[in-house]
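Heads up: the structure comes next, in structure tokens.
Every number here is computed from the coordinates shown, using simple stated rules; none is lab data. All values derive from a computational prediction rather than experimental measurement. Because the Cβ atoms are built from the backbone with ideal geometry, glycine has one as well, and the counts that use them run over all protein chains shown.
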Amino acid sequence: MKTYDEFFHYNRKWVASRKASDPDFFVKLSEGQYPRFLYIGCCDSRVPAEEVTGAKPGELFVHRNIANLVHPSDPNAMAVIEFAVSQLQVKHIVVCGHYLCGGIKASMEPRVGGALDPWLDHIRNVAELHSGELKHIPDEEQRYHKLVEINVEAQCRNVADIPVVRDSFRTRKYPRVHGWVFDIRNGELIDLKFKP
Ligand code: CO
């Protein structure tokens, strides 16, 4: 685990190595961003979007929150998505969940009182909507994994239903919405092949 100072030490080495491979790297980066992807993921420190996809600076526009939720009542997520679609004109929106997600796990347990409760209620509502499917999975671990997947698909539908996304797709055929799950246990990304 890095110490505080090591971050800055690493940063200086990173700047030097970027300039060594391309002297204009930061000049080009300063000219603007034209990412083709909006990535919506979980805050979990074990799911580094750029590292697991190989995305370079400028390639991913990123929004993260606990359990990768997209709710119409969340002004932060709505602003990010509207900006990404209308201004950046991203071609793809990815909702990426992950197995062993603490937010999903906590939503399977009773409310504890605190700021997380109303947030996790969004997941509880998703679970309630799919209770028929979930209750047939006797093993709690498997039910937990299934809820991770169901939650990603529910958030993909929420994204696809946002007027700015729907209108853009109708007129321009983009952005396409994708649901992914990252498996912390082996590092693999799984495409859930979301169909709106
Ligand atoms: Co998580």
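Listed conditions (1) in contact with a helix residue (DSSP H, G or I) (Cβ under 7 Å, 6 or more places away or on another chain); (2) under 24 Å from VAL80 (Cβ atoms) are all met by HIS130, apart from (2).
For LYS105, indicate whether it is loosely packed, with under 13 Cβ neighbours inside 10 Å and on the phi < 0 side of the Ramachandran plot. Judged against the criteria, LYS105 is not a match. The selection criterion, being within 18 Å of the chain's Cα centre (by Cα) and charged (D, E, K, R), holds for GLU153.
Those helices (runs of 4 or more DSSP H) of region 53-134 in which 3 or more residues are away from the ligand (no atom under 16 Å from the Cβ) and touching a residue at least 60 places away in the same chain (Cβ under 8 Å) occupy 75-82. If I filter region 134-142 for residues that are farther than 24 Å from SER45 by Cβ, surrounded by 12 or more Cβ atoms within 10 Å (Cβ to Cβ) and under 17 Å from the mean Cα position of the chain (by Cα), do I get at least one hit? So far as region 134-142 goes, no, none of its residues is farther than 24 Å from SER45 by Cβ, surrounded by 12 or more Cβ atoms within 10 Å (Cβ to Cβ) and under 17 Å from the mean Cα position of the chain (by Cα). Annotation: of all residues in region 34-50 being closer than 14 Å to CYS96 by Cβ and more than 16 Å from the ligand (Cβ to nearest atom), the one that is surrounded by the most Cβ atoms within 10 Å (Cβ to Cβ) is LEU38.
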